[in-house]
1. Normalised radius of gyration for the stretch 1-149, please: alpha carbon Rg relative to 2.2 N^0.38 Å, two decimal places.
2. Arrange the following residues from fewest to most other Cβ atoms within 10 Å of their Cβ: 65, 271.
3. So, in nm, how far is label residue 203 from label residue 320 when the simple model puts each one 7 Å beyond its Cα toward the Cβ?
4. How would you order 204-212, 146-154, 8-16 from highest to lowest mean count of nearby Cβ atoms within 10 Å?
5. So, in nm, how far is label residue 288 from label residue 27 when the simple model puts each one 7 Å beyond its Cα toward the Cβ?
6. Using only DSSP helix segments of four residues or longer, with each worth -39500 (n - 2.57), what per-residue ellipticity at 222 nm results for the chain after dividing by its residue count and rounding to 500?
7. So how do 160, 338, 89 line up by other beta-carbon neighbours within 10 Å, fewest first?
8. Taking a 31 Å limit on the Cα-Cα distance, which of the listed pairs 35/191; 230/341; 72/187; 181/209; 143/167 fall beyond it?
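Values quoted throughout were computed directly from the atomic coordinates according to the rules given, and no laboratory measurement underlies them. Given the structure is predicted, the values throughout are model-derived calculations rather than measurements. Cβ: placed from backbone, ideal geometry, glycine included. Neighbour counts: every protein chain shown.
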Amino acid sequence: MNKIVITGGAGFIGSHIVEHFVNAYPNAEIIVLDKMTYAADVRNLMHLISVNKIRLVVGDICHLDTCLSAVKGADLVIHAAAESHVDNSFGNSLEFTRTNVTGTHCLMEACRSENVAKIIHVSTDEVYGEVLEGSATEDTTLKPTNPYSASKAAAEMIISGYLQSYKMPIVMVRANNIFGKRQFPEKIIPKFALNLILGKPLTIHGNGKNCRHYLSADDFAVALELLAKKGVIGECYNIGTTEEYTNMQMAYMLCDIFDVDPDKTITFIKDRPFNDQRYAVDWSKITALGWTSQHSLINEISDVAQWYYDNADRYVPSADLKTLNAPTKLGKPSLELSLAKVA
Ligand SMILES: NC(=O)c1ccc[n+]([C@@H]2O[C@H](COP(=O)([O-])OP(=O)(O)OC[C@H]3O[C@@H](n4cnc5c(N)ncnc54)[C@H](O)[C@@H]3O)[C@@H](O)[C@H]2O)c1
């Protein structure tokens, strides 16, 4: 592998993918193409940029020329750039279509033109819509229910056209919710952790019973490396875990870590216009290739919370930091116990 391009590499998941591929392919040239939106942070990559392990190209995937020059000569392109926050998509859905659909189209066109040897497109389990019971296989019909998931499903349709028409070497992945450090605090885990650090209430959409499966960003990056080697061209792979929690359980777990009384801090707000009750995928197809998750949220959520404590200055104005509410070293209380309280 001589050259690897990772779009969205300065964001949450992208930065974990970049770290993993730098270690897996130490001699490859690694380029990150990222527009540096509000969700990106150069500090996610500084440890790699400063030692010349990667090169950050600030650019928009919606510009064909930018994509063409980034992917020229690439052996592998991993496409993780996206507008990713469902709540934002209700208010600004055109930006989601622009980035997630037009941007994916531009990138695929550039990859076609430059004959890129392999492309991994990062999609999401949300394209299946809600799965109330059982789990979606890769053949389940896509039924997205919000502008974000609709734009991700539309991007898959663009790719499907490129696969059929041009026989391009593309593999797609649809993963569960992903957890880890460096996630922008608009998503549930970092948002709740920072609120607890600042002594602010935890607001829960609706009744808090919506559940999500949680996959570690590190396990996800390992899966992508496996698919770069063994993923069958034209195929789609679900990537999932057994760890499933309701939003209320997540709030209780984090209250437990910060030693805060959940009854005094959890408040309920109006639900999203549409809020899928549950997502679930069957990931036996990637298991057959040899992948299995090695990490678990229950074991690692304290470390993630600790990272937000240690790096709160990234996200919080310095005046607010003076009112930090949590101990400098967070405990690892009985998370099973806190889950049992809301079971
Ligand atoms: N977060 C999850 O739980 C999850 C789960 C499954 C799949 N995904 C998918 O994984 C990918 C990464 O998600 P994330 O949570 O890391 O998102 P993120 O919002 O943290 O990062 C997205 C990155 O894309 C970049 N970007 C946005 N628009 C761009 C553009 N026009 N050109 C170039 N770069 C642009 C941003 O600057 C940012 O660095 C997305 O495709 C998302 O749909 C996320």
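1. On the way: Rg = 15.8 Å, N = 149, 2.2 N^0.38 = 14.7 Å.
The reported ratio for this selection is 1.07.
2. On the way: 65 10, 271 13.
Going from least to most buried by this count: 65, 271.
3. Rounded to a tenth, the inter-label distance reads 1.2 nm.
4. 8-16, 146-154, 204-212
5. The two pseudo-label positions are separated by 3.4 nm.
6. Numbers: 15 runs with 136 residues, N = 343.
Taking each H run of at least 4 residues, the total per residue is -11000 deg cm²/dmol.
7. 160, 338, 89
8. On the way: 35/191 23 Å; 230/341 43 Å; 72/187 34 Å; 181/209 24 Å; 143/167 25 Å.
With Cα atoms farther than 31 Å apart: 230/341; 72/187.
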